[in-house]
Amino acid sequence: MSQTISRPALSRLVDAWISAGHMVGGPVRVKSLSQDRWGLAHFAESSEQNVPVPLSRRGFGLGSKDDLVQYRPLTAAGDLLLEGFIRPANSIKEFLFPRHEKLYGYRIAGKQIELTEAPLLEREQILVGARPCDAASLPILDHVFHWDCEDVFYSRRRQRTTIVTLACRNHDEHCFCTSVGLAPDAPQGSDAMLFDLGNGEYDVRLLTEKGRRLFEGQTQSSDSEGKADPGPERTVDVEAIRHFLDNGFDNPAWRQSALRCLGCGACAYGCPTCHCFDIADEGNAAGGWRVRNWDTCQAAMFTMHASGHNPRPMQVQRQRQRIFHKYRVYPEKFGVVACTGCGNCTRSCPVGLGVRTVLEALQPEQTS
C-alpha cells in the first residue's frame, strides 16, 4: 500500500508552507529564450546543426526549446514547474551554500576592531521538485563542510532544509547518473520523493523523519505505485577512470581534452557538488563584511600566489585538476566520487565540454 497526493493537494500544501513563513524553492520557468535580449534563443537554433553550445536539443535550462528553468524561491505554488523539462540549469546547492555569503562584519575605530556575527538562517527551507541527482550532492557536500571543522553556516541551512525530490521520468544525452552509481530514483539526500503517476497524482515515498513530518496527514492510501525512468545507459566506467588517473597524470590526452576549454567556470557554477570558494573583505576603511564567494579551479587566478607564481598556469592543468579531484582525490578521502552525473556541466559549457565528455575521451587511453 502506497501513499499518494494529488497535484491540487500538493499545490495547496506548498501555498500553506509559504503562508507559514517558510522559504519554499523549486523549479521555476524564469523566461522565454525567444524574448532573451542576450540571444540565447539563437544558440538553441544553432544546436540543431551540431554546433557545441550550452543548450541541449530540448533547450537551455532544459525545459522546452523556449524555456529557461532554474531552482528559485517560490512566491506561490503556481510558480512551481514539475514537468516539461529535464532538469533546471542550476543546482539546489545555492540554498545551502549561497553564491555570496556574509561570514562576519567588522568596524574599525582607531586601533579598535569590532566584530559582528553574521546572522544564521532562522526559518525553515523546503525544496520541492528537486532532481535526485541534485539531492545526492548533499551527502557529498556534508563531507566537505563537516570535515576538519563544522561550517556553522552550511550546517544551519542543512538542518533547516527539507528536500522533496521528484523521480525522473526521462533523461537527455547529457545525463549519466547510472555511471556514477546513482539512478533516476536514487534516495541519497532526499527526505521525501514523489513519483509522477501520470494521472494528476504522485506516489509519495517518505524517506526520513523530516519527510514524514512534512507530509503528515496530507496523503491518501492507494494501490498505485510510481516508477522512475530506467535511466541513461552507462557510458563511463568509474573504476577504469580511477585506474587511468592513478597512472595517467602526464598522459597527452589531457591536452587534447582541454584545447577548447575557455576557463569560464560555467561547469563549476552549475555543478551540484563543486564547492570552491574565495574569501574577501567588502567595505572601506571604516568597516564592512568578510564574505565568502563561489570560485572555481578552472579560473586562471584560482591558484595564483601572492608572489606571482601560479602552479597551474595552463588550462590543461586546471581541467585535469577538476577531474582528478572529483574522481580520485575526493574518493580516496571520503569513499565516493564527487559527481552525481547530472550533466549540467556539459549543458552549460559554451564549447560542449563537461565531465562526462572528458571522461569518455579518456577511456580509450586506458588501454594505450
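Every number in this text was worked out from the coordinates using simple rules, so none of it is lab data. Just so you know, these numbers come straight off a predicted model, no measurement behind them. Cβ: placed from backbone, ideal geometry, glycine included. Neighbour counts: every protein chain shown.
Some values worked out for this structure:
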read-out: Net length gained if the chain between Met1 and Ala20 were fully extended (0.36 nm per residue, minus Cα distance); value: 3.8 nm
read-out: Cα-centre dipole for the range 68-213 with unit charges at Cβ (Lys and Arg positive, Asp and Glu negative), debye to 20; value: 440
read-out: Order of Lys31, Lys326 - criterion: other Cβ atoms within 10 Å of each residue's Cβ, fewest first; value: Lys31, Lys326
read-out: Radius of gyration and Dmax over the Cα atoms of the range 2-367, both given in Å; value: 21.5, 72
read-out: Positive-end residue of Phe153, Leu207, Ile86, charge dipole of the chain with Cβ unit charges; value: Phe153
read-out: Charged-residue dipole, Cβ positions (Lys, Arg, Asp, Glu), the range 174-318 about Cα centre, Debye nearest 20; value: 680
read-out: Expected 222 nm ellipticity per residue - DSSP helices of 4 or more, -39500 (n - 2.57), all of the chain, to 500; value: -6500 deg cm²/dmol
read-out: Top of Gly226, Gly198, Gly211 by mean-square fluctuation, Gaussian network on the chain, Cα under 10 Å; value: Gly198
read-out: Sorted peptide list for 257-265, 213-221, criterion being average Cβ within 10 angstrom, highest first; value: 257-265, 213-221
read-out: Relative contact order of the chain, pairs being alpha-carbon contacts under 8 Å that are 6 or more residues apart, as %; value: 20
read-out: Estimated dipole of the chain in Debye, rounded to 20 [Cβ of Lys and Arg +1, of Asp and Glu -1, Cα centre]; value: 740
read-out: Kirkwood-based Rg to Rh ratio, the range 317-368, C-alpha trace; value: 0.98
